[in-house]
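The values are calculated or read from the model by the stated rules, or taken from the named source; none is laboratory data. This is a predicted model, so every value here is computed, not measured. Quick reminder, even Gly has a Cβ in these numbers, built from the backbone with ideal geometry, and neighbours come from all protein chains shown.
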Amino acid sequence: MDNENKEKRGQWGSKIGFILAAAGSAVGLGNLWKFPYITYKYEGGAFVMVYLLAILLIGLPLMIAELLVGKKMKKNPVGAFKGMEASPDSALPSKRSEKSMFLPWRIVGWMGVAAGFIILSYYSVVAGWTLEYTFKAVRGEFNIVYLNAKKEIDTISQNKNSKKFLELKKQYAPKLEGKEENEKMVNSLASKKMSKIFGSKFLANPWKQIGFHFIFMFLTSFVIIGGISGGIEKCTKILMPCLFVIMILLLGTSMMTGAFMETIRFLFTWKLSSLTSHSILEALGHAFFTLSLGMGAILTYGSYLNKKTDLVKSAIIITVLDTCIAFIACLILFPIIFHYNLQPESGGLGILFTTLPIIFNQMFMGHYVSILFFMLLSFAALTSTISLMEVVVSYIVDEWKITRKIATITSGLIIFVFGIPSALCNGANDFFTKITIFSNGGEKLNWLDSFDYLATNWLLPLGGFFIAICVGWYLTDEERLSEFILVDGNSIIYKSFKFLIRFVSPVLVGIIILNKIGVF
Ligand code: TRP
């Protein structure tokens, strides 16, 4: 059976290949961009602690649960959950077919495929930005912007009594003198120029927006067409080690800025007073997103595992890798933010595309630092988009019996088209910029933010909740245990898993959902 399956559906070529692919799915813009951003926003320490608890109590058990369902059913999320339904052709070994009760588990699978489709459509747009910035870095564009700003400030500074100089000083460096004053003014002006370039030249340029979105979808599809071991595994086996090396290099340069200890203190001093219900919810929600849980991405990767793989060990390695990389991202970004006294909250997520390129430019080997940084983002994004697309493609291949190639090309095109409004909604097109679909707590969301909101706030937690219920309550001990290696029903590992997946995870996720509905 395993051999036949291998030919039909594909299988990972090696254990390390699977681990790297799954870690590649988990490690993405969520780690390198969103985690540092929300950690800064919610003032580090206490938020970090809640996040770690969420990873441990929800993330890890759910990761094991998804891998378990995938490994057991050897199908895409829809097929896997369909096979669980109590019907005459239930795929479960025990006597489910005799039960008359109909449980529409397949809805969980559909929700997952829909979430994959939706997330990919906008994730690819943002991933496209990182690609464009890699090219910008290679071309040395940040340096040109910086030099222009420097020239401008130097000219203005020749007359320190001029109205223009006094105005700029008041705006950018009211309390500084001498060299510091000059530096701060140059940096601020250069960042402002970068914001303008980002906003009015890049985000507002429909062809660039659509073009880079297309390139990213193309790259993703290209890898997916190659199949499991020939495409996904091969690609992540190259990209992930590159990603680790780049991170270590960047960490080194960042440590040299001198604000490293301040960063450690920021991350690990627990100021409980800064915790709010909002930050707790954000930590829980992000735990899903960062580990790629709740929509069957990990489940799908689990479906290509062979019988012998240890679920618990794999889940622990993937989770630990993902968490470490999120922290290293903070250790890279925060020292720069602290040292150069930047204010990320004012630029929101934009800091990555506005202020940071200017700062990188002044660091040791700055040109290379910025190239490496944006390459890092692109690599991380690509290994994540691959996993999102694999969910959609595996569904089409398994359920509709269409070849992988045709499934990939058609779904790639459809997702690309569905993502076009996301590419145009930040100023490139009036119509799509003005459209709001959802609002979050009174704030009107544009197309991109709306679908992000729908998927990460609703579909992932709901999916996670039902996966926990399915594995924790619907499956029997025997059905669960058959997928574990060297673990029996009395072992502490199994017992803790069962307790977490039955009680802790669904209750915590249930709280998130109820809170979102507005029950409390
Ligand atoms: N985990 C990725 C990140 O942190 C994003 C991602 C990839 C994802 N696949 C997913 C999120 C599946 C949710 C579900 O950026």
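Among residues of region 97-106 being at pLDDT 65 or above and surrounded by 14 or more Cβ atoms within 10 Å (Cβ to Cβ), the one that is nearest to K75 (Cα to Cα) is R106. Of the set (1) touching a residue at least 40 places away in the same chain (Cβ under 8 Å); (2) in contact with an Asp or Glu (Cβ under 8 Å, 6 or more places away or on another chain), all apply to S200 but (2).
Matching residues to (1) at pLDDT 95 or above; (2) under 26 Å from S90 (Cα atoms); (3) not in a helix (DSSP H, G or I):
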position: K405; (1), (2), (3): yes, no, no
position: G427; (1), (2), (3): no, no, yes
position: T436; (1), (2), (3): no, no, yes
position: L514; (1), (2), (3): no, no, no
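For A115, the conditions (1) more than 26 Å from S195 (Cβ to Cβ); (2) more than 16 Å from the ligand (Cβ to nearest atom); (3) in a helix (DSSP H, G or I) all hold with the exception of (2). Look at Y368 and say whether it is among the aromatic types (F, W, Y), within 23 Å of the chain's Cα centre (by Cα) and either buried (at least 21 other Cβ atoms within 10 Å of the Cβ) or more than 18 Å from L219 (Cβ to Cβ) (or both). Considered against the rule, which asks whether it is among the aromatic types (F, W, Y), within 23 Å of the chain's Cα centre (by Cα) and either buried (at least 21 other Cβ atoms within 10 Å of the Cβ) or more than 18 Å from L219 (Cβ to Cβ) (or both), Y368 comes out as no. Only one of the listed residues (S277, S303, S273) is modelled with pLDDT of 95 or more, over 20 Å from C330 (Cβ atoms) and hydroxyl-bearing (S, T, Y). That residue is S303.
Scan region 241-254 and tell me whether some residue there is more than 23 Å from Y146 (Cβ to Cβ), among the hydroxyl-bearing types (S, T, Y) and buried (at least 21 other Cβ atoms within 10 Å of the Cβ). The answer is no; no qualifying residue exists.
Scanning region 163-220 for residues that are exposed (fewer than 15 other Cβ atoms within 10 Å of the Cβ), part of a helix (DSSP H, G or I) and of a type in the set (D, E, K, R) gives K163, K164, E167, K170, K179, E180, K196, K201. I'd like to check something: does region 334-352 contain any residue that is within 16 Å of the ligand (Cβ to nearest atom) and among the charged types (D, E, K, R)? Among the residues of region 334-352, not one is within 16 Å of the ligand (Cβ to nearest atom) and among the charged types (D, E, K, R), which makes the answer no. The set of residues in region 171-189 being closer than 17 Å to F142 by Cβ and either modelled with pLDDT of 90 or more or out of contact with any Phe, Trp or Tyr (no Cβ under 6 Å at 6 or more places or on another chain) (or both) consists of E183, V186, N187, L189.
Listed conditions (1) free of Cβ contacts under 8 Å to residues at least 60 places away in the same chain; (2) crowded, with 22+ Cβ neighbours inside 10 Å are all met by E390, apart from (1).
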